[in-house]
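The values are calculated or read from the model by the stated rules, or taken from the named source; none is laboratory data. The model shown is predicted, which means the values in this text are computed figures rather than measured ones. Note that each Cβ is placed from the backbone with ideal geometry, even for glycine, and that neighbours are counted across all protein chains shown.
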Amino acid sequence: MPKSGSEPAPTKEHITAYLKEVKTKVDACIFDFLPTSHEDQDVNELYQMMLDYPRRAGKGLRPALCLLICEVFGGDAERAVNTAAALELLQNWLLIHDDIEDGSELRRGDPCLHQKHGIPMAINVGDALHCKMWEMLHRNNDILGHQLAFQILSEFIQLSNQVVEGQHIELSWVRNNRWNINEKDYWTMCIQKTAWYTCITPCRVGAIIGGASTEEVDVFIELGKSLGVAFQIQDDVLNLIGDVGNYGKEIAGDISEGKRTLVLIHLFNVCTPKEAQSVIDIMARPRTEKTEAEIQSVLQLMHKYNSIQYAQKCSIELLQEASEQFTHKFAHLPNNRAKQLFLSLIHFFVEREY
């Protein structure tokens with residue numbers, strides 16, 4: 001393991017290997033926990049559907065943040081594995097519901113669950129995984145003791161409230177056909193929908209299990225906001241210029257779905273009124289009424305006005321803010337392996353290709 005000042009920061013290969021290690025550990029916890037068979041044929045079918053998204057190749061970023069921050073504060077990461085697995089279950093049931101609400105087609109390289117089994121079945125599978133998430137968190141009573149387990153449960157309650165509010169904001173924009181979205185609107189939506197469950201809560205629960213003080217745990221709210229929005233912006237960028245094989249979702253799907261992104265907001269701010277109206281006319285129509293040529297025309301305008309580059313620049317700036325805040329606020333902690341890995345991992349947030 002690297003020692004303070006003795007070895008260079010972990011490379012991208014180190015990060016990839018660590019994520020794989022975490023994913024293997026968390027998957028083992030999840031698959032040991034989830035039911036796999038039932039004597040009733042219909043219930044057995046439900047159990048198989050519940051295993052679908054967890055079996056797909058995810059990044060495992062949220063569990064990794066949880067385990068690393070636990071170690072940063074000197075905690076035993078093994079005690080945080082169950083909580084990290086609950087974060088992954090959270091991710092999976094949210095994705096099932098999100099895919100339905102967005103009318104998405106691909107998730108992690110395969111058809112979305114509702115495309116395979118229909119919307120009613122997919123909603124129920126998402127609900128089932130949601131229930132299992134709370135059941136998994138209840139197991140923390142035996143792992144962490146009642147007091148810590150209750151703290152972690154409270155964090156998940158706060159997270160759940162934030163996510164559904166953020167999702168409502170975005171769904172309302174679509175329902176109301178609202179296009180006059182500014183960067184502050186986007187920031188608010190991203191913090192609630194993405195930052196809380198991607199960065200803020202994973203870091204906070206890891207810190208709590210690691211023995212951090214209340215003041216130290218609270219640092220991760222502002223830090224996690226910057227990091228979470230940077231993550232979402234990079235996700236928006238990858239949706240436009242990524243490789244479908246790496247990204248696992250359809251390229252330019254955000255245009256097909258009429259997503260309000262920082263890239264689109266910048267485009268509206270710099271293009272001509274005529275071009276803006278043309279983009280709105282395309283984006284506002286249902287996916288089934290958009291042609292590939294129209295989708296590409298929007299993408300070409302984003303390239304023409306350097307809107308994608310603008311979003312990438314914002315993402316890097318937010319990442320730098322998060323990195324500097326972490327380094328400054330936790331300078332008193334040992335510069336251990338976990339600390340170095342965390343700083344490298346958050347840079348991976350905006351350097352990733354999937």
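Please go through segment 168-220 and pick out each residue that is of a type in the set (S, T, N, Q) and surrounded by 19 or more Cβ atoms within 10 Å (Cβ to Cβ). Matches in segment 168-220: Gln192, Thr194, Thr198, Thr201.
Taken together, the criteria exclude Gly206 from residues that are closer than 30 Å to Gln277 by Cα, of a type outside the set (A, V, I, L, M, F, W, C), in a helix (DSSP H, G or I) and touching a Cys at 6+ places or on another chain (Cβ under 8 Å).
Residue count for segment 271-305, restricted to those that are surrounded by 15 or more Cβ atoms within 10 Å (Cβ to Cβ) and either in contact (Cβ under 8 Å) with a residue 60 or more places away in the chain or in a loop (DSSP other than H, G, I, E, B) (or both): 7.
Take the conditions under 30 Å from Phe220 (Cα atoms) and of a type outside the set (Lys, Arg) and apply them to Gln296. Does it pass? Against the criterion (under 30 Å from Phe220 (Cα atoms) and of a type outside the set (Lys, Arg)), Gln296 does not qualify.
Considering segment 9-67 alone, what residues qualify as being touching a residue at least 60 places away in the same chain (Cβ under 8 Å), surrounded by fewer than 13 Cβ atoms within 10 Å (Cβ to Cβ) and farther than 22 Å from Arg107 by Cα? Hits for segment 9-67 are Ala9, Thr11, Lys12. In the set (1) acidic (Asp, Glu); (2) touching a residue at least 40 places away in the same chain (Cβ under 8 Å); (3) closer than 30 Å to Leu267 by Cβ, the condition left unmet by Asp99 is number (2). Gln309: part of a helix (DSSP H, G or I), farther than 24 Å from Glu351 by Cα and free of Cβ contacts under 8 Å to residues at least 60 places away in the same chain, yes or no? No. Scanning segment 143-165 for residues that are surrounded by fewer than 16 Cβ atoms within 10 Å (Cβ to Cβ) and over 22 Å from Ala212 (Cβ atoms) returns Asn161, Val164, Glu165.
Within segment 188-223, the set of residues being small (Gly, Ala, Ser) and under 24 Å from Ser172 (Cβ atoms) comprises Ala195 only.
Quick one: is Gly109 touching a residue at least 24 places away in the same chain (Cβ under 8 Å) and either hydroxyl-bearing (Ser, Thr, Tyr) or surrounded by fewer than 19 Cβ atoms within 10 Å (Cβ to Cβ) (or both)?
In short, yes.
Among (1) modelled with pLDDT of 95 or more; (2) out of contact with any strand residue (DSSP E or B) (no Cβ under 9 Å at 6 or more places or on another chain); (3) assigned to a helix (DSSP H, G or I), which single condition is Tyr53 missing? In the conditions (1) modelled with pLDDT of 95 or more; (2) out of contact with any strand residue (DSSP E or B) (no Cβ under 9 Å at 6 or more places or on another chain); (3) assigned to a helix (DSSP H, G or I), Tyr53 misses (2) alone.
Restricting attention to segment 201-211, does a residue exist that is touching a residue at least 60 places away in the same chain (Cβ under 8 Å), in contact with a Pro (Cβ under 8 Å, 6 or more places away or on another chain), within 19 Å of Glu88 (Cα to Cα) and not β-branched (Val, Ile, Thr)? Within segment 201-211 (the criterion being touching a residue at least 60 places away in the same chain (Cβ under 8 Å), in contact with a Pro (Cβ under 8 Å, 6 or more places away or on another chain), within 19 Å of Glu88 (Cα to Cα) and not β-branched (Val, Ile, Thr)), the answer is yes, since at least one residue qualifies. In this structure, does Ala331 turn out to be of a type in the set (A, V, I, L, M, F, W, C), closer than 23 Å to Asn239 by Cα and free of Cβ contacts under 8 Å to residues at least 12 places away in the same chain? It is false that Ala331 is of a type in the set (A, V, I, L, M, F, W, C), closer than 23 Å to Asn239 by Cα and free of Cβ contacts under 8 Å to residues at least 12 places away in the same chain. Of the helices (runs of 4 or more DSSP H) lying entirely inside segment 102-194, those containing at least 2 residues that are modelled with pLDDT under 95 are 146-175. Being closer than 21 Å to Gly228 by Cβ and either in contact with a Lys or Arg (Cβ under 6 Å, 6 or more places away or on another chain) or of a type outside the set (Lys, Arg) (or both) holds for only one residue in Val43, Val81, Val26, and it is Val26.
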